[in-house]
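Heads up: the structure comes next, in structure tokens.
Just so it is clear, none of the values below were taken in a lab; they were calculated from the coordinates. As the structure is a computational prediction, the values presented were derived from the model and not from experiment. Quick reminder, even Gly has a Cβ in these numbers, built from the backbone with ideal geometry, and neighbours come from all protein chains shown.
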Amino acid sequence: MPDRTVLLKLWGVSLLWGGNYVASAYMLRDFSPIFLSFARLVVMSFFFISVAIINKSMRWPKIREWGLLLMAGITGTLINQLFYFTGLQESTAGNAALIIALAPIATTLMSRMFLKEVITGQKLVGAIVALIGVVCIVLYGDKQLGISHGDVYLLVAMLGMSVSLLFINKLTKAMTSYEVTIYSTVIGTILMSPAVAVEALNGDMHASHRVFTWALLVCVAVIGQGLAGFWWNQGIAVAGASMSAMFMNIPPFIAIIVSHFVLGDPILLAQLSGGVLILAGVAITNMKHRLPREPKAGLGEKFLPNHNAIVKWGKKKDRDSDVI
């Protein structure tokens, strides 16, 4: 049985990631979407760089790794974050959480398309079930039949994240997930600068004048994304990938419930039905026929919603659990 502290951290991660969707939707009332995305990435980058300097645990990537990091930064940070906040402005926190939850399924299908990886019948069934769930949310998630522009943008954000996972999986064969996350985040933040400039030149950029909203932004970036990511790594290292994965079913429903009470968003039957189908599809895809033994070095996954990555965990080469 894993240490109680580790289980509490995994619960904390689930609550934080579920709350992140609601906090982001709340901040969009005071910030323009592109500026909010950029500001949060800047705070996260400074946090990650500070941790790296303190721990002195970063190595300089090789030339080939820089190319993969660039692609991971473009897809997993720039595209993902741009479309996430733009879509969230026209959708709901609950829908965002549920659509982003489809990322593991999308990555599995893309691995088959581009990397020629074998997809079993079980994974195919899981993907179909999850896709039906997304259709329920996109078509019926706004009280009436129709496709919301916000939900379409969120789908693009999810696809951007999924594509980045293909590059990240290659990167983590030689680099730690800790290094990949920091480098790709900083690269994506730099690439976001022109988009912020365009938003400003068009006169669409605006920022909050309230201290509380800025404090919330910093908390979401540092605690809700940065610190929660380190806790997630620790949970995988101690509790194992299978037990940690169960906690990934919690954030979407946390987002739906909290957004109802904080933002006044309605809880729709289409959301609940679609959410159950998506999570059921993810569960079917990852279901094992035999109970796995305790994970050894090289096994495990980390999934950072709204940020970067599913990356492999290896005790011999990955020091994430020792960072914080």
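Points worth noting:
- Cα gyration tensor shape for region 1-134, rounded if a/c is under 1.5, else prolate or oblate: rounded
- With R₀ fixed at 30 Å, the C-beta to C-beta distance from residue 109 to residue 257 puts the FRET efficiency at about 0.50.
- Ranked by the mean number of other Cβ atoms within 10 Å per residue, highest first, peptides 221-232, 86-97 order as 86-97, 221-232.
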